[in-house]
Amino acid sequence: MSRPTKAIIDLQALRHNFMLAQSLAAQSKTIPMVKANAYGHGAIEVSAALADIAPALGVASIEEAIELRESGIELPILLLEGTFSSDEVDIAAQHNFWLMVENRPQVEAILNASLARKVNVWLGIDSGMHRLGFQPDEIQSAYDDLSGSHNVSDEIVVCSHFACADDLDNKATLAQIKIFDLHLPKADNAPLKSLANSAAILGWPQAQRDWQRPGYMLYGNSPFAQSQENADQLKPVMCFESAVISVRSISAGESVGYTANWTAARDSTIATVTVGYGDGYPRQAPNGTPVLINGTGCPLVGRVSMDMITVDVTDLDAVAIGDRAVLWGPELPVNEIAELCGTIGYELLTRMPARVPRVYR
Ligand SMILES: *Cc1c(COP(=O)(O)O)cnc(C)c1O
């Protein structure tokens, strides 16, 4: 008695992917990125499923972190953009949220706070992505100010983020590593370091440091456009599925859907599936995008509606109301659908709306 559209989330696959990330850099600690509702998979459930094997978690904002705390997650939580206003420093210290520090106002907010408990700091260097972080020549003074503050815990982590690690032939990643290593702050106790995102964990062993920060790979999809030996061991965590709710025969020359942008070249059988852009299935999906009907790839035909899509099932033997449709999942990589739509799997997963129930297995 409910709409069959749902995202089945395989928590064993999630743990497998975490263990893979961990095994690729046995000396590093692995901090799972669960920002943006764990890339659409459900931040609370994903965090709970990793709580016994992960040392900490990463999110984009204090709101995301508080939601996890309130749900009973006790791990430290790294705020990847640090604070947005100075009042967040005290809240972060109280809750054991770790702060990325990327600019001067964030440093000042920490120095000027009066805290009951020290805060753990990750200091960002802009090694070439030019989005966040201190310029290399500013990092020493930021480090000195923070390490000299009684508000800051002893172990500061110095970190940076890669712009092009998903392109395994792109030398920019090596250039970023070099800038990072050259500008590490000098200190009595060498600071801890963190560089690697999913692509670097899988494909750039030179980027291994004390902490690694996998996101996309945990959800079982490859950050690379081509096959790669480590990425090929990932297990997709989400299966986005729905069901056929109508089947009809149309004659050659008849059209389907809004704007009638697809016309049957032959007499055809059209299955309507109850999933649409209101469920996060991309409206950009062109005619021919594969949909698995009873496990067989069939072409999407006609425009994606808010709540429905139409699929050409002429080549299948028998299709009936209630038959299973898979939009993406272990048998149909989200990356493949994303590429047809001019985007990346990250976006398709992350923007899946609350309307789609997440079902955990
Ligand atoms: C999101 C994020 C990551 C994870 O990136 P993936 O490509 O999903 O592995 C790592 N580090 C930082 C700072 C991030 O914001």
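The figures follow:
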{"read-out": "Segment 131-166: number of residues that are free of Cβ contacts under 8 Å to residues at least 24 places away in the same chain and under 29 Å from the mean Cα position of the chain (by Cα)", "value": "2"}
{"read-out": "Lys193 vs. criteria free of Cβ contacts under 8 Å to residues at least 12 places away in the same chain and within 27 Å of the chain's Cα centre (by Cα)", "value": "no"}
{"read-out": "Subset of segment 15-41 [crowded, with 22+ Cβ neighbours inside 10 Å and farther than 21 Å from Pro353 by Cβ]", "value": "Asn17, Ala21, Thr30, Ile31, Pro32"}
{"read-out": "Whichever residue in segment 172-189 is open to solvent by 30 Å² or more (accessible area, probe 1.4 Å) and assigned to a loop (DSSP other than H, G, I, E, B) and, among such residues, is farthest from Gln226 (Cα to Cα)", "value": "Asp188"}
{"read-out": "Scan of segment 257-279 for residues that are open to solvent by 10 Å² or more (accessible area, probe 1.4 Å) and farther than 27 Å from Arg358 by Cα, ordered by number", "value": "Gly257, Tyr258, Thr259, Ala260, Asn261, Trp262, Thr263, Ala265, Arg266, Asp267, Thr269"}
{"read-out": "Given (1) modelled with pLDDT under 95; (2) of a type outside the set (Asp, Glu); (3) touching a Lys or Arg at 6+ places or on another chain (Cβ under 9 Å), index of the condition Ser2 fails", "value": "(3)"}
{"read-out": "Exclusive hit being in a helix (DSSP H, G or I), on the phi < 0 side of the Ramachandran plot and within 15 Å of the ligand (Cβ to nearest atom), set Ala38, Ala65, Ala49", "value": "Ala65"}
{"read-out": "Positions within segment 190-223 being within 16 Å of the ligand (Cβ to nearest atom), assigned to a loop (DSSP other than H, G, I, E, B), more than 30 Å from Asp312 (Cα to Cα) and not charged (D, E, K, R), in sequence order", "value": "Leu195, Ala196, Asn197, Trp204, Gln208, Pro214, Gly215, Pro223"}
{"read-out": "Ile44 being touching a Gly at 6+ places or on another chain (Cβ under 8 Å), surrounded by 16 or more Cβ atoms within 10 Å (Cβ to Cβ) and not hydroxyl-bearing (Ser, Thr, Tyr)", "value": "no"}
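Let's see how each residue does on (1) in contact with an Asp or Glu (Cβ under 6 Å, 6 or more places away or on another chain); (2) on the phi < 0 side of the Ramachandran plot; (3) aliphatic (A, V, I, L, M):
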| residue | (1), (2), (3) |
| --- | --- |
| Gln228 | no, yes, no |
| Gln233 | no, yes, no |
| Ile245 | no, yes, yes |
| Ala264 | yes, yes, yes |
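The values are calculated or read from the model by the stated rules, or taken from the named source; none is laboratory data. Quick caveat, the model's predicted, so the values are computed rather than measured. Virtual Cβ from ideal backbone geometry, glycine too; neighbours counted across all protein chains shown. In case anyone asks, the SASA skips ligands and DNA or RNA and just uses the protein heavy atoms, side chains included. Shrake-Rupley method; radii C 1.70, N 1.55, O 1.52, S 1.80 Å.
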